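To keep things clear, I will list the structure first and then write my remarks on it.
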Amino acid sequence: MSFVFNYRIYTLLLVIITFLSACQFKLKPNEEDDHPTHMSVQRYDRLESRYLTTGDFSALQQMNTTYPIQTRTLIEDMLQLGEVSDPEINSKFLNFYQDTTLQTVIADVQAQYADMDDINKEFDKAFSTLKTWIPSLEVPLIYSQIGALNQSVVVGNELIGISLDKYLGSDYAIYKRFGYSPSQLQTMKRSYIVPDGLTFFLLSLYPLKQFDQRPQKEKDLHMGKVMWTVNKAMGEQMFNTDFTKRVDQYMKKHPNVTVKHLLESEDYSLF
């Protein structure tokens, strides 16, 4: 399975990463310090669904009080509906999702993702492995949302947001109406939630400095290092590109190189 990386989307995500990193909210860790993983995706999408399908004001209140960063990111940055302080923003938010297509998407998300135990276990396994390689790694809070078919993942310090509406299956009829390419459709399914989340989380921690000025080869190799790490953390080869293969060959020839050093280094002369 190959992965096509869209650098325009990467740039958009960097903007969101910067916004989230600048927020002064202190997020709670998922577990106590002696249990750093045992991941459980926070079901923000269920509150969102309740408000957007029934107008349940108590669901909206909980979105704003329990998930203030998530709500602000969704409304202001992803949907670009205005500022959350706007007195009319709740009505704009509700009305935006009254579109027939989006109402169908909301219902399909709730049906397909009634249970996410498998995804919780995959995140738990991957982050447990990453913690053994990078002990200083802060385990993020992960939440699910319904993002109106735009960004798949938003990331920031201690936070990963997964848009379940972008993972309804490669053969999902609504996707075909929006003209997604075959390579994009191959990654728009349940099995890519964890690898995509891990990929963009690691990119937020280990960004390529001066990204716009770098040659294409270095951009591709940087992505290859992150994807290789995700493959190893999951114990499954989700990403298979020429650049992940180069990284794999490099790591086999240099067994003393740690994953942390691999991700931090920007010397691409040996690949």
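The values are calculated or read from the model by the stated rules, or taken from the named source; none is laboratory data. As the structure is a prediction and not an experimental result, all values here were calculated from the model. Using ideal geometry, Cβ is built from the backbone for each residue, glycine included, and neighbour counts are taken over all protein chains shown. Accessible surface areas use protein heavy atoms only, side chains included; no ligands, DNA or RNA. Shrake-Rupley method; radii C 1.70, N 1.55, O 1.52, S 1.80 Å.
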Practice problem: List the lysines whose Cα lies under 26 Å from the Cα of LYS189, skipping any in the same chain that are fewer than 8 positions away. | Solution: LYS121, LYS125, LYS166, LYS176, LYS219, LYS225, LYS232, LYS245
Practice problem: Average the reciprocal distances over every distinct pair of alpha-carbons in region 175-216, invert the result, and give the Kirkwood radius in Å. | Solution: 12.6 Å
Quiz item: When the accessible area of the chain is split by element with a 1.4 Å probe, what percent falls to carbon and sulfur?
Solution: 50 percent
Exercise. Would you please calculate the Kirkwood hydrodynamic radius of region 176-271 over all C-alpha pairs and express it in Å, rounded to one decimal?
Key: 14.4 Å
Quiz item: Hey, if you put +1 on the Cβ of every Lys and Arg and -1 on every Asp and Glu Cβ in region 186-260, which of THR229, PRO255, PHE200 ends up farthest toward the positive end of that dipole?
Solution: PRO255
Quiz item: Dipole magnitude of region 36-76 about its Cα centre, charges +1 at Lys/Arg Cβ and -1 at Asp/Glu Cβ only, in debye to the nearest 20?
Solution: 100 debye
Quiz item: Can you pull the three principal axis extents for the Cα set of region 72-120, in Å, largest first?
Solution: 38, 26, 14
Quiz item: How would you order 234-241, 251-258 from highest to lowest mean count of nearby Cβ atoms within 10 Å?
Solution: 234-241, 251-258
Self-check item: Listed residue (SER163, THR73, ASN90) projecting farthest to the positive dipole end of the chain, Cβ model
Solution: SER163
Practice problem: Return the calculated 222 nm mean residue ellipticity for the chain, to the nearest 500 deg cm²/dmol, obtained by summing -39500 (n - 2.57) across DSSP H runs with n ≥ 4 and dividing by the residue count. | Solution: -15500 deg cm²/dmol
Quiz item: So what is Rg over Rh here for region 112-202, counting just Cα atoms and using Kirkwood for Rh?
Solution: 1.00
Quiz item: the chain: Rg/Rh from Cα coordinates, Kirkwood Rh?
Solution: 0.97
